[in-house]
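Notes follow once the structure below has been shown.
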Amino acid sequence: MDLFYNNVMKPNTLIITGLFLALLLPPVTHGQEPWDVEQIFLATNEREVQLVDEQGNAVKSYERGYVGNILSVWDDIQEVSSYRAALKFAPGKSPNAYAGKSNGEKIVAVNFGMIELLETDFDAWAGLLGHEIAHLKLNHQREALKRKIPLKIVDWLVERSDPSKAVGFASSLITNSIDMNYSRKHERESDYSGTVWAYRAGYDPMGAVSLHQALAKEEKIGEVPFLRSHPTSKERVENLTKLAWELKNRD
């Protein structure tokens, strides 16, 4: 019993402490923070919206009209979903988008790769933003975190690591608390709600289909972070096409 206490129970106490820290503290991010699109858009009347890093260097710029259109889609999705969050642009070449909390703020982040993929297909933008805000409204992050914590504990105990590694364990949970791999069930729920909201906001629900058709092409080229732990592109295209037709035929 004493041996078990010394080898497992003490580290386990540190794990529990780490878990409480991970749940209470805001996520730790490394590298460039995402940019608050609306904040930057409203701060200037320049023809281009410039994204600047912490050193003041220009990283990316987009035409003001283009960003304005994206923000208009975002406002429509928020209105229909009855949910508010901050829209952010993030670095990254491989198409990705995610939703979560950062420093107590609810956010949806879309990276450069996804922006380049969608271009001016605002129906696809509506499908994407509807999908991400659905993750927030349906509280998927909390469910994913609850699912992830027990696995982390098991891994930690199996490794029989030095107790000092509990700090790294907590840090890892904090760092990964935004960009989580939601379950396939969560993805299907968000696909459905996001597409319905896009349609109710006045967008073509086939935009969600276009999004996943484009992602499927990217998937053949290399890894697409947005597709991790998700249903297959084929399944999503089939399900979303069926849903789009059902929505259109209701009228």
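Look at (1) over 25 Å from Ala214 (Cα atoms); (2) under 20 Å from the mean Cα position of the chain (by Cα) and you find that Ala134 fails only one, number (1).
Does region 199-213 contain at least one residue that is of a type in the set (Asp, Glu), modelled with pLDDT of 80 or more and part of a helix (DSSP H, G or I)? No.
Of all residues in region 57-73, those being under 15 Å from Leu87 (Cα atoms), within 21 Å of the chain's Cα centre (by Cα) and without any contact (Cβ under 8 Å) to a residue 60 or more places away in the chain number 5.
Which ones in region 52-92 are over 15 Å from Leu118 (Cα atoms), surrounded by fewer than 20 Cβ atoms within 10 Å (Cβ to Cβ) and hydrophobic (A, V, I, L, M, F, W, C)? Correct list: Val52, Ala58, Val59, Val80, Ala86.
Cβ-Cβ distances below 9 Å connect the following pairs, each with a first residue in region 105-121 that is assigned by TED's automatic domain parsing to the domain that holds Ser61 and over 12 Å from Asp36 (Cα atoms), a second residue that is aromatic (Phe, Trp, Tyr) and surrounded by fewer than 20 Cβ atoms within 10 Å (Cβ to Cβ), and a separation of six or more residues or different chains: Ile115/Tyr62; Glu119/Tyr66; Thr120/Tyr66.
The values are calculated or read from the model by the stated rules, or taken from the named source; none is laboratory data. All values reported here derive from a predicted model rather than from experimental measurement. No Cβ is skipped: glycine too gets one built from the backbone with ideal geometry, and neighbour counts run over all protein chains shown.
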